[in-house]
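Every number in this text was worked out from the coordinates using simple rules, so none of it is lab data. Predicted model only: the values in this text are computed from it and were never measured. Glycine gets a Cβ as well: all are built from the backbone with ideal geometry, and neighbour counts include every protein chain shown.
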Amino acid sequence: MNVHPLPASALKGEGMTSQRARDRLAAQLKESGIRDARVIDVIRNTPRHHFIDQALHARAYENTALPIGHGQTISQPWVVARMTEALLEHFDLRGEAPPQKVLEIGTGSGYQAVVLAALVGQLYTVERIEELLRQARRRFRQLGLTNIRSRYDDGKLGWADEAPFDAIILTAAGDAIPAALLDQLSPTGVLVAPVGSPSSQVLLRMRGDGQGDFVQEELGAVSFVPLLGGIG
């Protein structure tokens, strides 16, 4: 059965999911330090309430993480914005166009994937929890997105068949960046990921210098679900 894109009325929402609520969120992101107007505009126009249970719709445009089942969460909008901004900034600093091939590890609800897909050429996303991926794929179809490819697999393994990637983003935190992912990154690419224990995590940006080394930057404290191996 074909799933058609959502009608404009559904995307606009009403009440706590209205455009006014999204505009307030966008203003909060700007006030809290998000500078990239492209990122703010995409988040303003992305229907976050479609990525969570209907019982939580009234909280969809709060700047907070929310549960999506299976012990996972949809990230705080500020964190989604900051990670996306950090990824794009690498290419801005190099005087290059936004990346054409981006790998996301941890599809989750699909929200971060949709935000990225609006700003890059092609997005590849890997999820280890089959039910979450099934739901995310349905949302991608409903939104009419054609530049997202998804895979049910162990995210720590990446997507070697499609490597190298211009950029890689992780939406779960491990003690270290899996070596397989660094191997799949372009020599001049960028990787953005939370790293650390559940009680002490930082957001890292690793920028390839083209010579096989990486410049590593800490972008602040964050809190993410653990990066797990295998499939579930």
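Laid out as a table, the results:
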read-out	value
Cα-based convex hull volume of segment 112-179 per residue, rounded to whole Å³	95 Å³
Residue among Ala136, Ala65, Ala27 with the largest mean-square fluctuation in a Gaussian network model of the chain, springs linking Cα atoms under 10 Å	Ala27
Segment 156-223 and segment 89-108: distance between their alpha carbon centers, rounded to Å	12 Å
Calculated from backbone phi, Karplus (6.51, -1.76, 1.60) coupling profile of segment 29-43 in Hz, x at Gly/Pro	4, 5, 5, 8, x, 6, 9, 6, 5, 5, 5, 4, 5, 5, 5
Within the chain, helix-based [θ] at 222 nm, where runs of 4 or more DSSP H residues each add -39,500 (n - 2.57), nearest 500	-8500 deg cm²/dmol
Footprinting exposure proxy for Asp209, Asp166 (fewest neighbouring C-beta atoms within 10 Å first)	Asp209, Asp166
Low-density loop cleavage sites - trypsin sites (Lys or Arg not before Pro) in segment 37-131, where at most 14 other Cβ are within 10 Å (DSSP)	Arg94
Sites matching GluC sites (Glu not before Pro) across segment 93-145 that sit in DSSP coil, with at most 14 neighbouring C-beta atoms within 10 Å	Glu96
0 to 90° range, to nearest 10: angle between helix 130-142 axis and the chain longest Cα axis	60 degrees
